[in-house]
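This report refers to the structure that appears directly beneath it.
The values are calculated or read from the model by the stated rules, or taken from the named source; none is laboratory data. Since we're looking at a predicted model, the values are computed, not measured. Cβ placement follows ideal geometry from the backbone for every residue including glycine, while neighbour counts extend to all protein chains displayed. The area values use the complete protein model at the heavy-atom level, side chains included, leaving out ligands, DNA and RNA. Shrake-Rupley method; radii C 1.70, N 1.55, O 1.52, S 1.80 Å.
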Amino acid sequence: MAQEKDMQELYAHMAEWHRFQRRDTDNIFNALFYDKENLATDEIMEFVQGTARFFDMPLPQVYDGCETFAKAVSRSMADYDICYNEKLLDGIGINNRDAFKLLMTHEVSHHVFRNVVFGSLANERWTHELVCDYMAGVRSVMCSFATGKYKYAIGASKPSLTHPPGLYRKNAFLHGCKAVEELRKSCGGLQHTDVLDGFKEFIIQSRPMIDDEWYSFLEHVDGPVPAPVETGIEDLPDSNLLKQLVF
């Protein structure tokens, strides 16, 4: 009996070690088939509230019912909703605690940046998606969340009128991770607001390629599309977040 118990403990440790090795690897097998966890409704509520506190934001209303994967609906500074569709999320790899926390970071970030006009890409809505993925990367390092499932989910996403290609979403996420790691080397403790310079750098580096992707995407779109944003950073109001970072 003692030997059998020892073997069970050994197998348990091996399983946990393999799980740890997979935590930041983004492939379809790890995302869809391994390390899945059943999430209770009260856990999800706790994840959302923890994310709101991370950003020092009011607590939102949370609903399990959404026509898409998830979304944030802003009503006022103190009033916003987070909606999600657990079945759809499971199908793209958002199926355990850390992956869900990163998704909630993305959605709450939409409310955080809801009034910011970056004016840096031809499609402003793509910029907002990228900054939300960037902040998910920031939080993944600050809070030691496993990243593999989230990286797979965003990396595999297709471009649309509202979302850029998955390659750039994943790159924005990785840039957020890198920004925190570099700041930690130089100053130790930090707040999430300390890393926004990294997003400016990512946009400046990636703008030509992302805008090319947008105009290429438009060639295959029927119907109305958002008007291009041509505002230069210097022409933005002084309250604009990106202008403050640049100047």
* Structure fact -> With every protein chain kept in place and a 1.4 Å probe, the residues Leu102, Leu161 fall, from largest accessible area down, as Leu161, Leu102
* To do: Using a cut-off of under 13 Å, list every residue of segment 45-65 whose amide N is near the label point 7 Å from the Cα of Asp197 along the Cα-to-beta-carbon line.
  => none
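Under a Cβ-Cβ cut-off of 14 Å, what is the net charge of the residues other than Leu32 that fall near it, where Lys and Arg count +1 and Asp and Glu count -1? Walk me through the numbers on the way to the answer.
Numbers: positive: Arg22, Lys36, Lys87, Lys149, Lys151; negative: Asp26, Asp35, Glu37, Asp90.
Overall, the nearby charge balance is +1.
For segment 94-194, which whole percent of the accessible surface, found with a 1.4 angstrom probe, sits on carbon and sulfur atoms?
Numbers: 1750 of 3420 Å².
Ligands and nucleic acids excluded, carbon and sulfur reach 51 percent.
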* Asked: How would you rank 86-93, 63-70, highest first, on the average number of other Cβ atoms within 10 Å across their residues?
  -> 86-93, 63-70
* Once label points are set 7 Å from the Cα along Cα→Cβ at both Glu182 and Leu218, what is their separation, rounded to one decimal in nm? -> 3.1
* Asked: So how exposed is Thr127, as accessible area in Å² (1.4 Å probe, rounded to 10)?
  -> 0
* Structure fact -> Answer in debye to the nearest 20: the dipole magnitude of segment 107-172 about its Cα centre, from +1 Lys/Arg and -1 Asp/Glu charges placed on Cβ, is 180
* Expressed as a whole percentage, what fraction of the accessible surface of segment 7-88 belongs to carbon and sulfur atoms when a 1.4 Å probe is rolled over the protein heavy atoms? -> 55
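Could you order Phe33, Phe54 so the one with the most accessible surface comes first? Probe is 1.4 Å. Write down the numbers at each step before the final one.
Details: Phe33 135, Phe54 40 Å².
Per-residue accessible area, sorted high to low, gives Phe33, Phe54.
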* Residue-span extension gain [Thr68 to Val116] - 0.36 nm each, minus C-alpha spacing -> 14.9 nm
* Out of Leu174, Cys83, Ala122, whose Cα points farthest toward the positive end of the dipole of segment 53-203 (charges: +1 Lys, Arg; -1 Asp, Glu; placed on Cβ)? -> Leu174
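What does the accessible area per residue of segment 49-155 come to in Å², with a 1.4 Å probe and no ligands, DNA or RNA counted? Before the final figure, lay out the partial values.
Details: 3740 Å² over 107 residues.
I get 35 Å² per residue for segment 49-155.
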